[in-house]
1. With (1) part of a loop (DSSP other than H, G, I, E, B); (2) away from chain A (no Cβ under 13 Å); (3) surrounded by 16 or more Cβ atoms within 10 Å (Cβ to Cβ); (4) not polar (S, T, N, Q) as the list, and B:Glu88 as the residue in question, which single condition is left unmet?
2. If B:Phe28 satisfies all but one of (1) crowded, with 20+ Cβ neighbours inside 10 Å; (2) of a type in the set (A, V, I, L, M, F, W, C); (3) within 14 Å of chain A (Cβ to nearest Cβ); (4) out of contact with any helix residue (DSSP H, G or I) (no Cβ under 8 Å at 6 or more places or on another chain), what's the number of the condition it fails?
3. Which one of these is within 12 Å of the chain's Cα centre (by Cα) and either under 22 Å from A:Met87 (Cα atoms) or away from chain A (no Cβ under 14 Å) (or both): B:Arg106, B:Arg68?
4. Would you pick out the residues in the stretch A:61-98 that are surrounded by fewer than 12 Cβ atoms within 10 Å (Cβ to Cβ) and more than 14 Å from chain B (Cβ to nearest Cβ)?
5. What number of residues within the stretch B:91-108 are within 11 Å of ligand 2 (Cβ to nearest atom) and assigned to a loop (DSSP other than H, G, I, E, B)?
6. I'd like to verify a number: residues in the stretch B:91-114 that are more than 9 Å from ligand 1 (Cβ to nearest atom) and buried (at least 16 other Cβ atoms within 10 Å of the Cβ), how many?
7. How many residues, within the stretch B:110-139, are in contact (Cβ under 8 Å) with a residue 40 or more places away in the chain, within 12 Å of ligand 2 (Cβ to nearest atom) and not β-branched (Val, Ile, Thr)?
8. Identify all residues within the stretch B:34-55 that are more than 8 Å from the chain's Cα centre (by Cα), buried (at least 21 other Cβ atoms within 10 Å of the Cβ) and touching a residue at least 60 places away in the same chain (Cβ under 8 Å); write none if there are none.
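Since every read-out is calculated from the coordinates, none of them should be taken as a lab result. A quick note: this is a predicted structure, and the numbers were derived from the prediction, not measured. With ideal geometry, Cβ positions are generated from the backbone for all residues, glycine too; neighbour counts draw on all protein chains shown.
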Amino acid sequence: MKYQVQENCLTIYLPREVDHHNAEEMKREADAVIDRNHIKYVIFDFEKTDFMDSSGIGVIMGRYKTVSLIGGEVWAVHANERIRKIMTLSGVTKIMQIYEEERI
Amino acid sequence: MKNTNEMEIRFDSRSENEGFARVAVASFMTQLNPTVEEVADVKTAVSEAVTNAIIHGYENKVHKICIRCRISENVLTVEVSDSGKGIEDVQQAMQPMFTTMPEQDRSGMGFAFMEAFMDSVEVESEPGKGTRVKMKKTVGKGRELWTTQSL
Ligand SMILES: Nc1ncnc2c1ncn2[C@@H]1O[C@H](COP(=O)(O)OP(=O)(O)O)[C@@H](O)[C@H]1O
Ligand SMILES: [Mg+2]
């Protein structure tokens, strides 16, 4: 898992495909990092991602459950049209903020 | 019958094969000249059904999963089957957000995605015997038939 920690904020750079196979390891690693660094904000960076199924929704929901206990938040950035559709359909947009990039 | 084509694959229920299954079905359907969105829809549905066979049907033990695809005119049929533990109550299982594995971060949205992205989803399941998910989608219906017009 590619990630970066800045103070209490964790950015996870998601792989090209977020499915059950890739999600398992990501969940384990993310939870360890969140625990170790007292993370309050988790940013999912979809820059490289063109596929996500409901396993990815599970990853987001699970991290939200953890950080929301201490008043934290989860964010999505660089999500393409398809990923946004998946997130909207799943209802996960009710608990997470989607950062809208400026479009020129 | 003309304009039909079929394929069948059998593979181990290893999570590495989720990506393989998506790509195999996606490449089989290219003969229907699908849109990018239609391919993405089918890949998502296949991923959900195969993941379910691996984690729920076989509970992460390695057995065989079978995918059968059929094209008839512009309709794609995809069947994903396992001989795993089966589903007690199919109607309940198909409700959005229902999952028997909440502690493992399952969202319970698998069947909801299959239904959202395919035209129809039928589930046949028997406890102790296995599960078969049959999905259909008409492909290329939104496409303008501009090629038939004179330029
Ligand atoms: N192939 C299968 N074999 C056994 N049980 C299944 C199968 N597919 C789905 N299920 C059951 O249906 C439930 C809902 O499936 P789904 O909507 O994909 O949500 P999730 O996979 O997140 O639990 C699962 O939690 C499981 O109990
Ligand atoms: Mg599922």
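1. Here B:Glu88 meets the rest and fails (3).
2. Condition not satisfied by B:Phe28: (3).
3. Values: B:Arg106 fails: within 12 Å of the chain's Cα centre (by Cα).
None of the other options fit; the residue is B:Arg68.
4. Within the stretch A:61-98, A:Leu69, A:Ile70, A:Gly71 meet the criteria.
5. 8
6. Keep residues of the stretch B:91-114 that are more than 9 Å from ligand 1 (Cβ to nearest atom), which gives B:91, B:103.
Now restrict to residues that are buried (at least 16 other Cβ atoms within 10 Å of the Cβ): none.
Within the stretch B:91-114, residues that are more than 9 Å from ligand 1 (Cβ to nearest atom) and buried (at least 16 other Cβ atoms within 10 Å of the Cβ) number 0.
7. So the answer is 4.
8. Across the stretch B:34-55, the qualifying residues are B:Glu38, B:Asp41, B:Asn52, B:Ala53.
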